[in-house]
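> Below you will find the structure I want to go over with you.
Values in this text are rule-based calculations from the coordinates and carry no lab data. Keep in mind it's a predicted model, so treat the numbers as computed, not measured. With ideal geometry, Cβ positions are generated from the backbone for all residues, glycine too; neighbour counts draw on all protein chains shown.
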Amino acid sequence: MKRCECARVPAVLRRTAVFLSIGLAAATCANAAPPTLTDPTLGVATVVSGLTQPTSLAFLGRGDFLILEKASGMVKRVTGGTVVATVLDLAVNSSSERGLLGIALDANFAANNYVYLYWTESSTGADSSALSEVVQLGNRIDRFTWNSAANTLTFSANLIQLRAVQNDKNSATQPATPTPQGNNNGGKLATGPDGKIYAFVGDTGRRGWMQNLPNGPYLPGAADDQFGGPEPGNFHLSGVILRLNTDGTAPADNPFFATGAGLGGQVGANIQKIYSYGHRNGFGLAFDPISGALWDSENGDDAFDEINKVVPGGNYGWVQAMGPVSRIAQFKAIETNLFSSLTAPIGSLQQLRFPVTRIAYNAATAQSRMFSLPGSSRMDPELSWRYGVPPSGLGFVTGNGLGAANNGTLWSGEARTTDITGGSTGTFAGGVLMRLKLTGDRSHLDLSADPRLADKVADNGVAYPPPFGTPPSTPGYKYNGVESESLMVGQGFGIVTDIQTGPEGCLYVVSNTNNSVYRICQAT
């Protein structure tokens, strides 16, 4: 089967943002071959095509949904498989991983018609793909009011504004890097069973408290960057999952509400809104329809992408660790030796302000260096991959629309269109869908189908013994599906940015690079 071959992202950029292909090369994948599934009980069909870099959808009713387009800033209504209207057009900055990214309906949508959007505001008043043409606090979560008869979304209120500019210093004396960045932007929204709004905010290159650096990337007394830090003021509230009331205020039962109240000021108010921290970046956020627990997918740098069960007050380790903290030595070895020589003399985790040489050599040291908010809990992932895969859009199957065996399963897309091999068989060729089962108590992933996953790590890639040295030009480390064979259920879906169960029980998959939405149902 011929597969979509996206334009190549420059090597210097690949390690800092796997999702850059959405911003730089998405349009070249519009003619991808139809996706396929390995489960003979399921079938896949195209619901709508011809979209432009779709990112997220929300259902208004059966066969009726709103879909976002990353770079156009448009929210479109799709009814019966046809785009019937553009209901909103925002002036977005879509450079790198910015743009129109996330949507969620209010828990009382039927009564109040509230819709929430996560988007990046252009500084020009028009759509822009220039890295520099962005508002300082340009990542916005806004509330809109839906009018079905008029097919319009009307601005109602801003919930929060977050930093979008990334002109980062590489040292305490250098004012800024010569080239701005726009990656690790996050952008997923979800409405919880408690009616609160949850938002995944990427680290946007910050290096402070929320990235587990108590003093920032420098010695005490040296500012994190040109806008302060390391404490999470408005310019440094990043690398977190936020939990907000529908007016943007902090719920009083948030895990760090009392801590924030004690600190006071802008920093305290922001800490009150945090549900969890220590996150790098992710494109999947979903609630278990059975237990109500929150799950995310998270991208590492070169190593240890993650699937996490997100608990209130959880600290997920970044930038001190990625993946299980017990694997910290391997994380350091991979980041220091395998890829750094391809991009920077001393290596970096996105910015040189925290070089990979500063990663701890053992778990105890790594944990001792982390920033601990009172009441926080250090958390390991439910599943990680030794080398980048990476997981992307995330969603649960709700009900028996895909058969009773699939009810409650968790599905993840992949933020790559090519390269993943699917393991020793080589049968998977990119744009992969993975299906994950949960344990009976819904507390963990059930990985028992493959004994190699008992340690909750898919040890993909090639196992070169240390010292690793410079890898060959095609090493096969990253984007490799070894030890994930039991999880893979489909291929050819492109970069998947959202997965949702529709009102009729079928699963809807948004493909950013195939410019389409697919529906997975029981085969007839």
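> Count the net charge of all other residues whose Cβ sits under 10 Å from the Cβ of Gly284, scoring Lys and Arg as +1 and Asp and Glu as -1.
Charge balance near Gly284 sits at -2.
> Given 0.36 nm per residue, what is the gain on full extension from Ala404 to Ser326 after removing their alpha carbon distance, in nm?
Contour length minus Cα-Cα distance gives 24.4 nm.
> How do Leu285, Leu66, Leu263 line up, fewest other C-beta atoms within 10 Å first?
Ordered by Cβ neighbours within 10 Å, fewest first: Leu263, Leu66, Leu285.
> Provide Arg353, Arg207 in ascending order of the number of other Cβ atoms located within 10 Å of each residue's Cβ, fewest first.
Arg353, Arg207
> Using Cβ counts within 10 Å as a stand-in for footprinting exposure, how do Met434, Met210 rank, fewest first?
The order, fewest Cβ neighbours first, is Met434, Met210.
> Another question about this same structure. Could you work out how far the C-alpha centroid of region 502-524 sits from that of region 308-336, in angstrom?
Between the Cα centre of region 502-524 and that of region 308-336, the gap is 32 Å.
> Here's something else I'd like to know. Label points 7 Å out from Cα along the Cβ direction at Thr145 and Ser448: separation in nm?
It is 5.3 nm.
> If the limit is 28 Å between Cα atoms, which of Lys70/Lys196; Lys196/Lys437; Lys273/Lys456 go over it?
Lys273/Lys456
> Cβ neighbours within 10 Å, averaged per peptide: list 493-499, 50-56, 189-195, 408-414 in order, most packed at the top.
493-499, 408-414, 50-56, 189-195
> Based on the alpha-carbon gyration tensor of region 11-522, what equivalent-ellipsoid semi-axes (square roots of 5 times the eigenvalues) come out, in whole Å, largest first?
Semi-axes, largest first: 31, 28, 22 Å.
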